[in-house]
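Enquirer: Next up is a structure, given as structure tokens.
The values are calculated or read from the model by the stated rules, or taken from the named source; none is laboratory data. Predicted, not measured: the structure shown is a model, and the values here were computed from it. Cβ: placed from backbone, ideal geometry, glycine included. Neighbour counts: every protein chain shown.
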Amino acid sequence: MSSITPILYFILSQRYKITYHQNPNKLLDLVFSNPLGSARKILSYQNTKRVFYTGENEAPNFNLFDYAIGFDELDFRDRYLRMPLYYDRLHHKAESVNDTTAPYKIKPDSLYALKKPTHQFKENHPNLCAVVNDESDPLKRGFASFVASNPNAPKRNAFYDALNSIEPVTGGGAVKNTLGYKVKNKSEFLSQYKFNLCFENTQGYGYVTEKIIDAYFSHTIPIYWGSPSVAKDFNPKSFVNVHDFKNFDEAIDYVRYLHTHPNAYLDMLYENPLNTIDGKAYFYQDL
């Protein structure tokens with residue numbers, strides 16, 4: 001098996017002993033890969049099951065792969081599983097809050113609770129802990145944050161410029177940086193602002209990455225663009241969905257309304273990020 005993401009390793013390791021190697025001449029049960037410039041290499045793995053998995057806005061090619069895991073909302077029976085990249089981020093977040101000082105708690109019977117808890121979360125996230133624990137006023141934070149490393153996202157860049165012309169948006173990444181340095185602790189940084197501009201690099205139905213999860217985890221309201229069907233994954237009352245508006249100006253007017261109307265802002269901030277069925281919160285496609 002070639003290397004896989006932490007969440008896939010976590011899931012598979014519950015039932016299987018996993019051994020990595022990348023030798024096509026050696027016996028393999030599964031090969032995980034994506035076809036970005038590597039179709040010839042993928043086809044060199046014979047007599048094994050090839051599984052497509054990607055973190056990019058890329059559709060699976062079932063001529064190359066026996067099975068696929070991706071973003072698209074496809075129905076291909078047992079050959080396809082939709083598992084957006086945000087599931088991998090949830091895995092990381094769950095591991096991080098197995099900590100005696102974290103404001104978020106995992107269930108005692110969770111697999112994540114099998115390891116001994118750590119004790120450094122609050123030390124590393126003082127602002128996040130304060131705002132989640134109602135020890136600081138979420139309304140008395142900076143306006144909006146932005147963290148991006150890929151400059152080749154014209155929609156995102158244009159929205160940043162438009163929003164920043166209304167009120168300063170603090171940039172902590174490589175793109176549109178206003179701090180003079182890149183932030184190392186994204187969650188702590190985002191928690192110091194009321195909104196987080198979390199556009200995807202590109203648009204695609206079902207293409208929802210870690211960006212919106214990072215905002216929710218930091219107890220800030222996501223301003224999202226990327227997947228027009230994102231409201232299937234997350235509660236539309238819990239974030240600003242730019243796809244709901246005719247243009248960027250209308251979306252920014254709504255952000256400004258939330259910013260200047262405390263009750264409306266708090267109503268959105270405290271909404272459950274997940275949609276509900278019969279009063280219970282569910283992931284759109286629960287693994």
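Enquirer: Where residues in the range 254-279 are of a type in the set (A, V, I, L, M) and part of a helix (DSSP H, G or I), which of them is nearest to residue 132 (Cα to Cα)?
Expert: 269
Enquirer: Select, from 38, 44, 13, the only residue that is at pLDDT below 90, under 26 Å from residue 283 (Cβ atoms) and surrounded by fewer than 18 Cβ atoms within 10 Å (Cβ to Cβ). Steps first, please.
Expert: Numbers: 38 fails: under 26 Å from residue 283 (Cβ atoms); 44 fails: under 26 Å from residue 283 (Cβ atoms).
Within the list 38, 44, 13, the selection yields 13.
Enquirer: Let me ask you something else. If I filter the range 1-33 down to residues being under 26 Å from the mean Cα position of the chain (by Cα) and hydroxyl-bearing (Ser, Thr, Tyr), which single residue comes out as farthest from residue 115 (Cα to Cα)?
Expert: 33
Enquirer: If you don't mind, there's one more thing I want to ask. Which condition from (1) at pLDDT 95 or above; (2) more than 19 Å from the chain's Cα centre (by Cα); (3) surrounded by 18 or more Cβ atoms within 10 Å (Cβ to Cβ) is the one that residue 119 breaks?
Expert: Only one criterion is unmet by residue 119, namely (3).
Enquirer: Something else now. Just checking, which of 272, 263 is farther than 15 Å from residue 86 by Cα, at pLDDT 95 or above, out of contact with any helix residue (DSSP H, G or I) (no Cβ under 9 Å at 6 or more places or on another chain) and not basic (Lys, Arg)? Outline the logic, then answer.
Expert: On the way: 272 fails: out of contact with any helix residue (DSSP H, G or I) (no Cβ under 9 Å at 6 or more places or on another chain).
Step by step, each of 272, 263 is checked, and only 263 is farther than 15 Å from residue 86 by Cα, at pLDDT 95 or above, out of contact with any helix residue (DSSP H, G or I) (no Cβ under 9 Å at 6 or more places or on another chain) and not basic (Lys, Arg).
Enquirer: Shifting gears a bit: Do any helices (runs of 4 or more DSSP H) entirely within the range 54-153 hold 2 or more residues that are free of Cβ contacts under 8 Å to residues at least 24 places away in the same chain, and if so, which?
Expert: Values: elements: 86-96, 121-124, 126-132.
Once the helices (runs of 4 or more DSSP H) in the range 54-153 are filtered for at least 2 residues that are free of Cβ contacts under 8 Å to residues at least 24 places away in the same chain, what remains is 86-96, 121-124.
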